[in-house]
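Only one structure is covered here, and it is reproduced in the block below.
Bear in mind these aren't lab numbers, they're just calculated from the coordinates by the rules spelled out. Here the structure is a predicted model, which is why all the values come from computation and not from measurement. Every residue, glycine as well, gets a Cβ built from its backbone with ideal geometry; the counts of neighbours run over all protein chains shown.
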Amino acid sequence: AQKVTQAQTEISVVEKEDVTLDCVYETRDTTYYLFWYKQPPSGELVFLIRRNSFDEQNEISGRYSWNFQKSTSSFNFTITASQVVDSAVYFCALSEAGNMLTFGGGTRLMVKP
Amino acid sequence: DVKVTQSSRYLVKRTGEKVFLECVQDMDHENMFWYRQDPGLGLRLIYFSYDVKMKEKGDIPEGYSVSREKKERFSLILESASTNQTSMYLCASSSPGLAGFGVTQYFGPGTRLTVL
C-alpha cells in the first residue's frame, strides 16, 4: 500500500494566487518524520522542511506554510502569493523507524505570469 | 554549504553497456543513497550505504550494484544496461541515523540516463 499519497499530480495557478499541495501519509508508528522537498527544473531536490510526529504546530517560513494534522494523517504545504520561481515538482516524504524514506509521487506546480 | 555532486547531468548509453554513475559528497556524511525517479512514481531507493564498503539493498536493486571504497564517493553500476533503466538517477547523503531514520537527506543534481 502506498504510504505517501500526493493526489494532485499537476496544479496550475496564476502568479499571486495561493496554492495548497496535499500530502496524506500512512503509518502505524507513533514516532515518524515528514519532509517536503522541492525539485526545480534544474533537477536537484531541495530540502524545505522536516517535522516530527510529536510536533503538530504549524510552521510558517516566509510565503511557505505547513499544516500538520495527525488526526487526518496529512501534512499539507501552502504557498502564499505564488511566484513563477515556485514552479517545480514538490515531494512529500515519510521516515519511519527501520524503513527507508518513502516519497510520494510528487506534485508538479506551474505558476504562470 | 552542503554539496553533493554527480559525474554527469546527461548520459546516453546502448543496451548491454556497463554504466557507472558517480556521486561525491563533501559533508563527511556516513550515509549515501541512490534513487531512481520516474514520472508518477516519485523516488524509489535502489541501494544505500551506511559506511565505507557497506551496502544495503533498497526497494528496487535488481539490475544494479554499488561500490563505496571511500567515504565521500558512492558509485552506482549498471552491469548490462537495458532500456527499462532509462530514468533520472539521484544521489543523496545524510549524517548518521539508523537506516536514515528522521535524518535529512541532501541531494545531488541528478543524472538523466537514456539507454537506447
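In chain B the longest region clear of trypsin sites (Lys or Arg not before Pro) that are loop-assigned by DSSP and have at most 14 other C-beta atoms within 10 Å covers B:54-116.
Quick one: which of B:Lys18/B:Lys57; A:Lys38/A:Lys112; A:Lys16/A:Lys38; B:Lys18/B:Lys55; A:Lys70/B:Lys55; B:Lys18/B:Lys70 span more than 26 angstrom between C-alpha atoms?
On the way: B:Lys18/B:Lys57 20 Å; A:Lys38/A:Lys112 18 Å; A:Lys16/A:Lys38 19 Å; B:Lys18/B:Lys55 20 Å; A:Lys70/B:Lys55 34 Å; B:Lys18/B:Lys70 21 Å.
Beyond 26 Å between Cα atoms: A:Lys70/B:Lys55.
About its Cα centre, what dipole magnitude does the stretch A:1-95 give when the only charges are +1 on Lys and Arg Cβ and -1 on Asp and Glu Cβ, stated in debye to the nearest 20?
On the way: 8 positive and 12 negative charges, 47 e Å.
Value, rounded to 20: 220 debye.
A simple spin-label model places pseudo-atoms 7 Å from Cα toward Cβ; at A:Thr9 and B:Arg112 they are separated by 1.9 nm. Comparing mean-square fluctuations of A:Ser65, A:Ser82, A:Ser12 from a GNM of chain A with C-alpha springs under 10 Å, the top value falls on A:Ser12. Looking at the stretch A:63-113, the trypsin sites (Lys or Arg not before Pro) that sit in a DSSP loop and have at most 15 other Cβ atoms within 10 Å of their own Cβ are A:Arg63. Measuring how big the stretch A:8-71 is from its alpha-carbon positions, Rg and Dmax come out at 13.5, 39 Å. For the stretch A:37-107 and the stretch B:1-56, write down the distance between their C-alpha centroids in whole Å. The distance from the Cα centre of the stretch A:37-107 to that of the stretch B:1-56 comes to 22 Å.
Once you compute Rg and the Kirkwood Rh from C-alpha atoms, what is the Rg to Rh ratio for chain A? For chain A, the value is 0.96. Taking R0 as 25 Å, what's the FRET efficiency between A:Met110 and B:Arg9 from their Cβ-Cβ distance, rounded to 0.05? E(calc), rounded to 0.05, equals 0.65.
Restriction of the chymotrypsin sites (Phe, Trp or Tyr not before Pro) in the stretch A:38-113 to DSSP coil positions whose beta-carbon has at most 16 other beta-carbons within 10 angstrom yields A:Phe54.
Once the Cα gyration tensor of the protein assembly as shown is diagonalised, what are the square roots of 5 times its eigenvalues, in whole Å and ordered largest first, as equivalent ellipsoid semi-axes?
On the way: eigenvalues 173, 88, 49 Å².
Here the semi-axes work out to 29, 21, 16 Å.
A viscosity of 0.890 mPa s and a temperature of 25 °C, combined with the Kirkwood radius over C-alpha pairs in the Stokes-Einstein formula, give chain B a diffusion coefficient of 175 µm²/s.
Please sort by residue number the GluC sites (Glu not before Pro) in the stretch A:20-113 whose DSSP state is loop and whose Cβ has at most 13 other Cβ atoms within 10 Å.
On the way: sites: A:Glu26, A:Glu44, A:Glu56, A:Glu59, A:Glu96; in loops: A:Glu26, A:Glu44, A:Glu56.
Within the stretch A:20-113, the qualifying GluC sites (Glu not before Pro) (loop, at most 13 other Cβ atoms within 10 Å) are A:Glu26, A:Glu56.
When you restrict to C-alpha pairs under 8 Å that are six or more residues apart and normalise by the size of chain A, the relative contact order lands at 38 percent.
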